[in-house]
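The values are calculated or read from the model by the stated rules, or taken from the named source; none is laboratory data. Owing to the predicted nature of the structure, the values given are computational and were not obtained by experimental measurement. Here the Cβ positions follow ideal geometry from the backbone for every residue, glycine too, while neighbour counts run over all protein chains shown.
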Amino acid sequence: MEENETKVACRDYPHPRHLCIKYPFGKTPHDNHCELCYCYVCDSTAPCNFWTEADDDDQEAHCHASEHIGDWKHKRNLKKQINLD
């Protein structure tokens, strides 16, 4: 990266997979991820343990998670509450 080049949040900093610029969510397989993607549900570096296979609580793998799809936001909040306990 050039010294004067402007940084872009979803390219140059950690970001949830569904906001990745390198692998656009609506145009690439969801299991693809760049080195800065993280799991929207787990808040961990992609791929998480449930990236391509659903866990007992989720009906879909976490690579499909987005705050704009289904109840992923609720699942994310539940995961945070569990981690606080």
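In region 5-63, which residues are assigned to a loop (DSSP other than H, G, I, E, B), of a type in the set (A, V, I, L, M) and farther than 19 Å from Leu78 by Cβ? Before you say what the answer is, go through the steps one by one.
So the first thing to find is which residues in region 5-63 are assigned to a loop (DSSP other than H, G, I, E, B), and the list is 5-8, 13-14, 20-36, 39-44, 46-61.
Narrowing further to those that are of a type in the set (A, V, I, L, M): 8, 21, 36, 41, 46, 54, 61.
Val8, Ile21, Leu36, Ala46, listed by residue number.
Only one of (1) touching a strand residue (DSSP E or B) at 6+ places or on another chain (Cβ under 6 Å); (2) at pLDDT below 90 is not met by Thr45, so which one is it?
Tallying (1) touching a strand residue (DSSP E or B) at 6+ places or on another chain (Cβ under 6 Å); (2) at pLDDT below 90, Thr45 fails exactly one: (2).
Of these, Asp55, Asp43, which one is surrounded by fewer than 18 Cβ atoms within 10 Å (Cβ to Cβ) and over 21 Å from Tyr13 (Cβ atoms)?
Details: Asp43 fails: over 21 Å from Tyr13 (Cβ atoms).
None of the others qualify; the one that does is Asp55.
Would you tally the residues in region 60-85 being small (Gly, Ala, Ser) and at pLDDT below 85? Quick ask: steps written out before the conclusion?
As a first pass, look at region 60-85 and keep what is small (Gly, Ala, Ser): 61, 65-66, 70.
Filter again for at pLDDT below 85, leaving 70.
Here the count works out to 1.
Considering only region 27-85, state which residues are free of Cβ contacts under 8 Å to residues at least 24 places away in the same chain, in contact with an Asp or Glu (Cβ under 9 Å, 6 or more places away or on another chain) and among the small types (Gly, Ala, Ser).
Answer for region 27-85, where residues must be free of Cβ contacts under 8 Å to residues at least 24 places away in the same chain, in contact with an Asp or Glu (Cβ under 9 Å, 6 or more places away or on another chain) and among the small types (Gly, Ala, Ser): Ala54, Gly70.
In this structure, does Leu36 turn out to be surrounded by 13 or more Cβ atoms within 10 Å (Cβ to Cβ) and either touching a strand residue (DSSP E or B) at 6+ places or on another chain (Cβ under 7 Å) or small (Gly, Ala, Ser) (or both)? Explain how you work it out, then say what you get.
Details: surrounded by 13 or more Cβ atoms within 10 Å (Cβ to Cβ): yes; either touching a strand residue (DSSP E or B) at 6+ places or on another chain (Cβ under 7 Å) or small (Gly, Ala, Ser) (or both): yes.
In short, yes.
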